[in-house]
Amino acid sequence: MRQKRAAALLWAYDIGSRFGITWRPRTILLMLGMAAALGLVPALALALWTGRLMNAVQVFLPWGSLTAAWTMWTAARVLVTREREELTAPELGPFMRAVDLSLGNWFTIRFATPMLLEALYGCVVLGGLLWGISAALETTVAAFAILLGGYVARLGLMSQLAIQNTGWRHTALGLLLGAACVTVAVLPWSQAEVPLALLLLAIAAATGHGLRRLARATWPAATMTRHRRSRRGRHLLALPTWAMTVVMLRRGTWVPPVRSMTIRLVVLCLLLGTLAASLRFAMPWLSVLLGHVAPMLTTTMAVAGFLRSLALGDTGVCWFGVRSRRRQLRAAWESGASLRHLALGSAMAHLVDGVVVTVGVLALCAGLGCTPSLEVLLLPTMTHLAGALGYAMFAAPELPDGRTRTSLLGALAGVLLTAPGLAVGLNPGFPHLAVLLLLVVFGGLVWMSMKVIDNASFSIM
């Protein structure tokens with residue numbers, strides 16, 4: 001109990017220091033508790049009034065689909081917000097180790113308690129809305145089940161992140177939650193009752209296992225993580241040179257800007273695709289409407305993928321572009337690595353972002369019920385490779401840490417090289433031409449990377 005009290009006071013002190021509040025930590029905790037308790041009644045009243053208003057104007061919404069979408073977003077927030085960084089690398093970690101504050105108590109106060117309060121408010125708001133519209137019993141049970149299942153899954157994801165155990169269990173928990181949301185959104189209650197119950201039991205079991213491991217974990221458990229990473233490094237040496245180059249470039253410089261942009265893009269596209277698919281199943285007339293505008297949707301996806309690839313490629317090229325990492329690649333070449341393999345790995349590192357954007361486009365197209373062409377799917381990869389080739393052709397000013405800035409000439413060259421691929425993507429019907437352009441740009445990037453590595457200098461001038 002003393003450790004929980006100390007963790008609560010430390011959390012309150014951290015909140016006060018962040019927002020410039022000069023109150024005592026006990027006063028901050030008291031005010032937060034009073035605000036949380038007094039806000040329940042207004043939240044219930046507002047939700048009930050909104051439900052009554054929707055019932056009066058006869059607005060009927062697919063509550064199962066909407067609840068499933070909110071559940072997916074609730075769980076995905078752990079991966080796309082600052083909460084992930086606080087779980088994996090807390091700022092107060094060294095201090096908590098010094099004062100011998102257990103990881104489990106800190107997790108309970110800092111993460112579990114606010115999440116349970118959020119779940120309480122979510123249930124109050126959802127209950128008020130369903131009460132106001134006089135929803136059926138089956139709809140109410142399904143909505144509450146999937147909502148609570150989402151918060152349980154989020155608790156399990158947070159516990160796995162806290163103990164840095166994000167392997168197959170992390171992925172399995174996300175897949176179970178996604179299957180539960182799809183079951184609620186697609187199947188009627190008579191058919192979804194048994195599968196939903198089994199999926200929720202599996203989610204609860206996985207979360208319970210993670211919480212038990214968290215209760216036994218200690219702060220020095222990071223040493224085990226370092227040993228695990230060292231074993232992964234030994235396995236990395238068995239890869240071919242080009243594959244090792246791809247892994248090292250993306251892992252060694254996998255900085256928060258690139259990582260956050262990539263994760264947020266994938267999660268957002270998956271959520272929007274899931275929501276669109278559930279709405280199409282719930283409202284059949286929407287599928288007919290989307291079928292009439294399928295060509296326009298495909299063109300929109302092509303333009304969106306192109307614009308997103310420009311932004312993501314511009315950020316990524318500064319961190320793992322061939323000019324930013326030319327000295328490291330030159331050192332590897334002089335150490336005996338193959339120049340062709342290094343250039344191939346450097347070029348293939350940019351394919352990762354293209355594949356990520358392609359996955360997002362596929363998720364959105366699948367949710368909207370349109371079939372993208374090969375030209376549209378190849379456009380994000382084409383954009384990333386062309387942008388990397390443009391930056392590789394022209395030198396740019398360097399930053400103090402060795403990276404290069406984005407040059408205006410390189411950006412213009414990348415856009416000009418992307419123009420043929422964009423024209424083919426907006427006018428489908430030429431898949432062979434799209435593949436040929438992709439191969440030409442990829443080959444040009446490999447050749448240019450070899451030239452940059454060959455001409456790299458270790459001079460500080």
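Throughout, read-outs are computed from the coordinates displayed, never taken from laboratory work. All values derive from a computational prediction rather than experimental measurement. Here the Cβ positions follow ideal geometry from the backbone for every residue, glycine too, while neighbour counts run over all protein chains shown.
Annotations
- Nearest-20 debye value, region 295-368 charge dipole, Cβ charges on Lys, Arg, Asp, Glu: 320 debye
- Two-decimal log10 I(q)/I(0) for region 336-461, as the Debye equation yields it once each C-alpha is a single scatterer, q = 0.10, 0.11, 0.16, 0.23 Å⁻¹: -0.37, -0.44, -0.83, -1.35
- Rounded to the nearest 20 debye, dipole of the chain from Cβ charges on Lys, Arg, Asp, Glu: 1580 debye
- With Cα atoms, 0 to 90° folded angle of helix 137-162 axis to the chain main axis: 50 degrees
- Test item: Cα-centred dipole of region 264-454, Lys/Arg +1 and Asp/Glu -1 on Cβ, debye: 260 debye
- Helical mean residue ellipticity (222 nm; -39500 (n - 2.57) per DSSP H run of 4+; nearest 500) of the chain: -26500 deg cm²/dmol
- Exposure proxy ranking for Phe107, Phe430, based on other Cβ atoms within 10 angstrom of each Cβ and starting from the fewest, stands as Phe430, Phe107.
- Angle between the chain longest axis and helix 351-368 axis [Cα atoms, degrees, rounded to 10]: 40 degrees
- Counted by neighbouring Cβ atoms within 10 Å, the residues Lys4, Lys451 run from fewest to most as Lys451, Lys4.
- The chain - Debye-derived log10 I(q)/I(0), Cα point model, q = 0.06, 0.10, 0.12 Å⁻¹: -0.35, -0.94, -1.20
- Full extension of the chain segment joining Ala136 with Leu439 gains 103.4 nm, where the gain is 0.36 nm per residue of separation less the Cα-Cα distance.
- Distant-in-sequence amide contacts of Thr404, defined by a placed amide H-H separation under 5 Å and a gap of 5 or more residues or a different chain, comprise Ser324, Leu399.
- Think of the chain as having a plus end and a minus end, set by charges on the Cβ of Lys, Arg, Asp and Glu; of Gly20, Ser190, Leu378, Gly20 sits farthest toward the positive end of this dipole.
- In this calculation the C-beta distance from Arg216 to Ala179 is compared with R0 = 25 Å, giving a FRET efficiency of 0.30.
- If R0 equals 60 Å, the separation of the Cβ atoms of Ala37 and Asp454 corresponds to a calculated FRET efficiency of about 0.30.
- Ranked list, fewest to most other Cβ atoms within 10 Å of each Cβ, for His209, His350: His209, His350
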